[in-house]
Amino acid sequence: MSGWAAKRFWREVQVAPVEGGFEIRLDDRPVRTPAKAPLSLPTAALAKAVASEWAAQEDEVRPATMPVTRMANSAIDKVRPQRAAIVEMLAGYGETDLLCYRAEAPDALVARQQAAWDPLLDWLAETYGARLRVTGGILPVAQDSAAIAQLSGEIDRFGPFELAAFHDLVTLPGSLVLGFAAAAGLAAPEALWEIARLDEAWQTEQWGEDDEAEEANRLKRDAFLQAQRFFERAR
């Protein structure tokens with residue numbers, strides 16, 4: 001027995017200005033989130049991206065093809081009511097940031113990490129006044145609590161839609177530093193993703209490709225790029 005799927009019932013999709021933003025209307029009926037809140041978007045660019053997803057639906061509504069709408073729903077239904085907890089969780093990534101844990105050997109990998117990761121840590125310190133400490137191996141290194149507090153304050157500046165995207169920009173690569181770099185447009189998101197998977201790329205060079213691992217990487221990379229685009233549209 002096939003699962004139930006919502007059918008397309010509208011003919012036209014419109015973007016309409018409302019107080020504080022823009023809403024999506026299906027034949028003049030405002031779209032709501034799964035929690036029944038108004039789907040109000042903060043920018044015209046984000047509203048147009050959501051509207052295009054609704055317009056692209058054919059006979060059935062396929063949520064898997066609507067990543068912008070899903071993230072917008074999450075910003076309203078999940079991020080807004082849990083804002084403080086999300087900010088705290090994301091700031092915690094600075095305590096164990098990917099870029100702070102370095103290989104001790106071989107020398108070629110050590111050098112590659114230094115060349116790719118040190119400039120980003122320097123940029124973070126110069127831009128936000130937060131210097132994160134680096135260690136070799138897997139033993140934890142205690143970070144300066146003032147640095148983490150400073151970064152937490154920077155995260156708290158984001159609106160709910162920016163924060164929804166920033167969540168993925170941090171959690172997918174496992175790095176608060178890379179999340180800030182992506183949000184700031186410091187480099188192309190594709191380049192930042194390759195920096196995040198430097199260790200995996202090294203292993204592939206040594207042992208060859210793993211098809212399952214490569215597919216998992218592709219899916220995570222696509223989600224990271226989508227989050228970066230969402231973040232830009234939400235500003």
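The values are calculated or read from the model by the stated rules, or taken from the named source; none is laboratory data. Remember, predicted model here, so these are calculated numbers, not experimental data. Using ideal geometry, Cβ is built from the backbone for each residue, glycine included, and neighbour counts are taken over all protein chains shown.
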- request: Would you please list the contacts, defined by Cβ atoms under 8 Å and residues six or more apart or on different chains, that run from a residue in region 206-235 that is touching a residue at least 12 places away in the same chain (Cβ under 8 Å) to a residue that is of a type in the set (K, R)?
  value: N217/R197
statement: Filtering region 19-43 down to residues that are aliphatic (A, V, I, L, M) and surrounded by 14 or more Cβ atoms within 10 Å (Cβ to Cβ) yields I24, L26, V31, L39, L41
- request: Check E104, E95 and return the single one that is surrounded by fewer than 13 Cβ atoms within 10 Å (Cβ to Cβ) and farther than 27 Å from R229 by Cβ.
  value: E104
field: Sole exception among (1) closer than 27 Å to F224 by Cβ; (2) without any contact (Cβ under 8 Å) to a residue 12 or more places away in the chain; (3) touching a strand residue (DSSP E or B) at 6+ places or on another chain (Cβ under 8 Å) for A56, by number
entry: (3)
statement: Note: among L151, L186, just one is over 16 Å from the mean Cα position of the chain (by Cα) and within 21 Å of T127 (Cα to Cα), namely L151
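In region 124-132, is there at least one residue being within 21 Å of E190 (Cα to Cα), buried (at least 16 other Cβ atoms within 10 Å of the Cβ), in the same structural domain as L192 (by TED's automatic domain parsing) and at pLDDT 95 or above?
Kept after step one, since they are within 21 Å of E190 (Cα to Cα), are these residues of region 124-132: 124.
Still in the running and buried (at least 16 other Cβ atoms within 10 Å of the Cβ): 124.
Cutting the leftovers down to in the same structural domain as L192 (by TED's automatic domain parsing) gives us 124.
From what's left, at pLDDT 95 or above: 124.
Yes.
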message: Which condition from (1) touching a helix residue (DSSP H, G or I) at 6+ places or on another chain (Cβ under 8 Å); (2) under 14 Å from F161 (Cα atoms); (3) not in a strand (DSSP E or B) is the one that F22 breaks?
response: (3)
query: Name the helices (runs of 4 or more DSSP H) wholly within region 149-228 that hold at least 1 residues that are crowded, with 19+ Cβ neighbours inside 10 Å?
result: 160-171, 176-184, 189-196
statement: Note on region 119-144: residues under 24 Å from the mean Cα position of the chain (by Cα), free of Cβ contacts under 8 Å to residues at least 12 places away in the same chain and farther than 14 Å from F180 by Cβ are none
- line: Only unsatisfied item for A6, checking (1) over 24 Å from the mean Cα position of the chain (by Cα); (2) at pLDDT 95 or above; (3) not assigned by TED's automatic domain parsing to the domain that holds V177, is (2)
